[in-house]
1. Check A86, A80 and return the single one that is touching a Pro at 6+ places or on another chain (Cβ under 7 Å), small (G, A, S) and more than 21 Å from V148 (Cβ to Cβ).
2. Only one of G40, G127, G73 is open to solvent by less than 60 Å² (accessible area, probe 1.4 Å), within 15 Å of the chain's Cα centre (by Cα) and either hydroxyl-bearing (S, T, Y) or more than 21 Å from P139 (Cβ to Cβ) (or both); which?
3. Select from the range 132-148 the residues that are within 12 Å of G40 (Cα to Cα) and in a helix (DSSP H, G or I) and list them in ascending order.
4. State which residue is most open to solvent (accessible area, probe 1.4 Å) when the search covers only the range 98-116 and only residues that are in a loop (DSSP other than H, G, I, E, B) and touching a strand residue (DSSP E or B) at 6+ places or on another chain (Cβ under 8 Å).
5. Scanning for something closer than 19 Å to M133 by Cα, under 13 Å from the mean Cα position of the chain (by Cα) and either at pLDDT below 80 or not in a loop (DSSP other than H, G, I, E, B) (or both), does the range 59-69 turn up at least one residue?
6. Working only within the range 102-131, note down all residues that are of a type outside the set (S, T, N, Q) and touching a Phe, Trp or Tyr at 6+ places or on another chain (Cβ under 8 Å).
Amino acid sequence: MDSPAPPAGGSPTDDDAHTYTMPLSRLSLAPQASHGPLDGAWWPRCDALALELPALVGSLDPGHGTVTRVTVGAADWPDAPRTVSAPDHAIEVVLSDDADEAHVITLECGTVGCWELLVVPPDEPAGTAGRLMRAAADPWNRLSAGRVLARVEGGAGQEGAGKRNG
């Protein structure tokens with residue numbers, strides 16, 4: 001059997017054989033500044049943080065700074081590595097046992113600030129995941145990640161997100 005031809009202008013290396021890039025992240029961010037505990041939502045395709053995190057970081061606007069550290073719930077990511085390689089730098093991964101950190105990823109961008117994102121479980125049905133992502137990215141959402149999950153999965157989040165009292 002013939003081996004595949006190398007890409008134009010280069011030859012295959014040992015590193016090429018072990019490189020896999022995840023598709024763009026499924027990410028929904030609040031427009032402008034968020035007024036609640038969440039800045040949006042992220043729906044990873046699997047529970048392998050080492051694969052998913054570089055795609056997530058690559059989806060963020062570089063104007064918000066370089067993600068240098070993330071905090072995730074230990075129960076949600078039991079096999080998470082302590083560092084994850086991203087283009088041009090490494091990201092420190094901190095595991096938290098705090099119940100408030102369940103279903104949340106905090107992305108710290110040095111001195112620029114941080115993002116608090118609801119982590120939609122990878123196996124969530126597309127319809128429910130979409131409702132979770134819209135609810136978490138609503139700039140007026142005041143619910144924690146756990147409360148958003150409970151409301152949307154319980155059916156309370158199916159009414160229009162644009163409805164407001166007042």
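The values are calculated or read from the model by the stated rules, or taken from the named source; none is laboratory data. Note that the structure is predicted; figures quoted are calculated from it, not measured. With ideal geometry, Cβ positions are generated from the backbone for all residues, glycine too; neighbour counts draw on all protein chains shown. These accessible areas exclude ligands, DNA and RNA; they are computed on the full protein's heavy atoms, side chains included. Shrake-Rupley method; radii C 1.70, N 1.55, O 1.52, S 1.80 Å.
1. Details: A80 fails: touching a Pro at 6+ places or on another chain (Cβ under 7 Å).
Going through A86, A80 in turn, just one is touching a Pro at 6+ places or on another chain (Cβ under 7 Å), small (G, A, S) and more than 21 Å from V148 (Cβ to Cβ): A86.
2. Working: G40 fails: either hydroxyl-bearing (S, T, Y) or more than 21 Å from P139 (Cβ to Cβ) (or both); G127 fails: within 15 Å of the chain's Cα centre (by Cα).
One residue alone meets the criteria, G73.
3. Residues satisfying the conditions are L132, M133, R134, A135, A136, A137, A145, V148.
4. Going through the qualifying residues, I end up with D98.
5. Kept after step one, since they are closer than 19 Å to M133 by Cα, are these residues of the range 59-69: 59-61.
With the extra rule that they be under 13 Å from the mean Cα position of the chain (by Cα), the set shrinks to 59-60.
When the remaining residues are screened for being either at pLDDT below 80 or not in a loop (DSSP other than H, G, I, E, B) (or both), the result is 59.
The answer is yes; a qualifying residue exists.
6. At the first step, the residues of the range 102-131 found to be of a type outside the set (S, T, N, Q) are 102-105, 107-110, 112-127, 129-131.
Selection gives I105, L107, C109, L117, L118, V119, V120, P122, E124, A129.
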